[in-house]
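See below for the structure under consideration.
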Amino acid sequence: MFSEISEATIPPLVDAFYARVRVHPRLGPVFDAAIAGDGWPAHLAKMYAFWSSVMLTSGRYKGNPVAVHAAVSGLTPDLFPDWLALFEATAQALFVPALAARFVTKARNIAESLRLALFFRPDRPWPGDLRRAG
């Protein structure tokens with residue numbers, strides 16, 4: 001179990017999380033369609049940079065998550081809780097509780113922000129807040 005967040009401990013989290021995503025019955029097909037063929041190594045490298053930027057403020061990630069996710073076919077708001085459940089379980093399996101909780105808090109905030117940016121419409125009810133533990 002990791003007792004620090006570092007450039008060395010982020011890749012095992014990302015790799016383990018996406019291994020779970022790829023076999024998930026609802027998330028796997030969406031990700032496989034969006035990350036075709038040999039695109040997985042590049043995606044994982046981008047996610048290492050993303051989580052490095054989020055957790056270590058490294059500034060390594062350069063990108064626009066909203067634009068990228070807006071182009072993903074099959075992405076729906078109801079997939080976000082599944083994504084979070086897998087991410088939380090992975091973080092809790094790999095990091096000591098206090099550090100897993102830091103990852104979980106960041107992931108919940110990111111998920112809710114992304115879900116709002118992609119799917120919120122003022123004329124429709126909003127189905128809860130992902131930032132709260134479920």
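The values are calculated or read from the model by the stated rules, or taken from the named source; none is laboratory data. Please read these numbers as outputs of a predicted model, since none were measured by experiment. Using ideal geometry, Cβ is built from the backbone for each residue, glycine included, and neighbour counts are taken over all protein chains shown.
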Worksheet item: Does SER52 satisfy the criteria of being outside any helix (DSSP H, G or I) and of a type in the set (S, T, N, Q)?
Response: no
Discussion item. Can you tell me which residue is surrounded by the fewest Cβ atoms within 10 Å (Cβ to Cβ) among those in segment 88-111 that are part of a helix (DSSP H, G or I) and touching a residue at least 60 places away in the same chain (Cβ under 8 Å)?
Written reply: ALA93
Practice prompt. Could you please find all residues in segment 1-40 being without any contact (Cβ under 8 Å) to a residue 24 or more places away in the chain and either hydroxyl-bearing (Ser, Thr, Tyr) or closer than 25 Å to THR57 by Cβ (or both)?
Written response: ALA8
Item to complete: Among the residues of segment 31-77, write down those that are under 18 Å from ALA107 (Cβ atoms) and aromatic (Phe, Trp, Tyr).
Response: PHE31, TYR48, PHE50, TRP51, TYR61
Fill in: Residue match in segment 91-108 (condition: among the charged types (D, E, K, R), more than 22 Å from PRO12 (Cβ to Cβ) and at pLDDT 95 or above)
no
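Residues checked against (1) more than 22 Å from PHE2 (Cβ to Cβ); (2) part of a helix (DSSP H, G or I); (3) in contact with a Leu (Cβ under 8 Å, 6 or more places away or on another chain):
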site: SER58; (1), (2), (3): no, no, no
site: ALA85; (1), (2), (3): no, yes, no
site: SER113; (1), (2), (3): yes, yes, no
site: LEU116; (1), (2), (3): yes, yes, no
